[in-house]
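In what follows, a structure is listed as structure tokens, so that the remarks can point back to it.
Please treat every number below as a calculation from the coordinates, not as lab data. The shown structure was predicted, so the numbers you read here are calculated from the model rather than taken from an experiment. With ideal geometry, Cβ positions are generated from the backbone for all residues, glycine too; neighbour counts draw on all protein chains shown.
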């Protein structure tokens, strides 16, 4: 009985910390980025919201439970009740209001990039400019931040994919980085994504990348997710599988078909409409297998009831539905808008985690087609008791590529 009581106490403490970090992530923090220069290694990447380069990932000093790994990051927002100040040379977060509360000292988790990413491709491009690699072994490649829908004036209203990048990430670049990461044993899953390519040429590009990977690794099938838009011709889905990708992700973004049409006009106009997108996901399950297909919803734009209907519909059919926590982005159609309350987001994610459990989804399956399944994955992990006696969440890594897949 005592052991069960201790485990329940750890769960409650983990959920309390998760709620705090989610609230900070949702409301942001008011601070002057200049004060963070002494705490930055100089390698901090853009946080995707204000395109600032201050350190983002952090944990509370002395936190015994999460080790700083729970969801949440440092997002600048001048209207937030949270503030960051430097006291005795240490960054400290306060919550200001009628009763100012000192939340605690933080430390930044500027994860040191693997030494491998300091290498250069055969034509002199830094590996770190091609991909990043997570501690789990996830190789994330955003091959461009351009989207043809932006040029047409039909881009999704929540998205800010309109940056023109100087570096073109060629199939050779991606193949070199992937093969090197697999050989070094630090990368074993590729997530290949971006906006819509001009003339919907992503199939050609993805197949070229698959060929490069197979040529360099000797694998005839590799652990990798093709993140694409729903095609009009479903036989295109077969081609991704035939090329060697192990999973596919087609983010529907909004479940309510009428709201979807207004928020995602380009996807409506060029992907056959909402019904076609849903049918494409269902078709993909027959090609890739259950829970080797995924689709994300941007959580917070439409009613919660609609989101949960979408997640339930997808998961029951073998599609890993997830919902990210909407953060209105700079330069998007929703810049300046507000996301729902933290309590709203946490309630949504708890309900999604319950849907996973009800449908028999395994924890490792939540990694199959995405680097994250949102807050729901962390909640699922806590509920399943996947932590040690000190409350540290169980570390998970993608296994080495199966030698049986080699040609």
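See the values below:
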| read-out | value |
| --- | --- |
| Cubic angstrom per residue, convex hull over Cα atoms of the chain | 154 Å³ |
| Which of 327, 201 has the fewest Cβ neighbours within 10 Å, and the rest in rising order | 201, 327 |
| Sequence ranges 339-351, 13-25, 89-101, ranked by mean other-Cβ count within 10 angstrom, highest first | 13-25, 339-351, 89-101 |
| Spread of Cα-to-Cα distances over 5 Å intervals beginning at zero, given as percent, for region 189-324 | 2, 10, 21, 23, 20, 13, 7, 3, 1, 0 |
| Distant alpha-carbon pairs in region 247-289 (separation over 18 angstrom), percent | 25 percent |
| Estimated distance in nm for a label pair at residue 275 and residue 92, the labels positioned 7 Å out from Cα along Cα-to-Cβ | 6.2 nm |
| Pair residue 140, residue 211: separation of 7 Å Cα→Cβ label points (nm) | 3.0 nm |
| Segments 30-39, 178-187 sorted - mean Cβ within 10 Å per residue, highest first | 178-187, 30-39 |
| Residue of 172, 314, 358 that the Gaussian network model of the chain assigns the largest fluctuation, springs spanning Cα pairs under 10 Å | 358 |
| Pair residue 313, residue 123: separation of 7 Å Cα→Cβ label points (nm) | 4.3 nm |
